[in-house]
Amino acid sequence: MPRYHLNLFNSTDTYDEDGRDFDDLAAAKVEATRSSRDLMAEHVKAGEPIDLGHYIEVADDGGKVLATIGFREVITITDSKAAAVERPPRLSTSGRNQRKISMLQDMRG
């Protein structure tokens, strides 16, 4: 079974000196992805910022880098408030909301 090293590059770079055995490169990449997400989750729980520029390199036993897993590649961030600004107002049967919709439509021309 091949040995891979998951080297973390963040504010304190950490080289995986011992490495771990994985079935193949794909399995090592899955673990690097999990580790990246776990690290980001720890930062969120602690109220610390997440730097999406951080990454984990997957290297073989000889030190050759075979893959790079960037934090920004393993997380999706959405902003529903920003998306709500772009959506048209929802129609409602309430008179108050109907007046708001009418006012918005009049403002748009």
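Each value in this text was obtained by applying a stated rule to the coordinates, not by laboratory testing. What you are looking at is a predicted structure, and each value in this text was computed from that prediction instead of being measured.
Of note:
- Converting phi to 3J(HN,Hα) with the Karplus coefficients 6.51, -1.76 and 1.60 and the offset θ = phi - 60°, the range 20-32 yields 9, 7, 10, 4, 6, 4, 4, 5, 5, 5, 4, 5, 5 Hz in sequence order, with x at every glycine or proline.
- Subtracting the Cα-Cα distance of D16 and E42 from 0.36 nm times their residue separation leaves 7.4 nm of extension gain.
- A simple rule links phi to the HN-Hα coupling: the Karplus curve 6.51 cos²θ - 1.76 cosθ + 1.60 with θ = phi - 60°, which for the range 53-61 gives x, 6, 7, 10, 9, 9, 10, 7, 5 Hz, with x for Gly and Pro.
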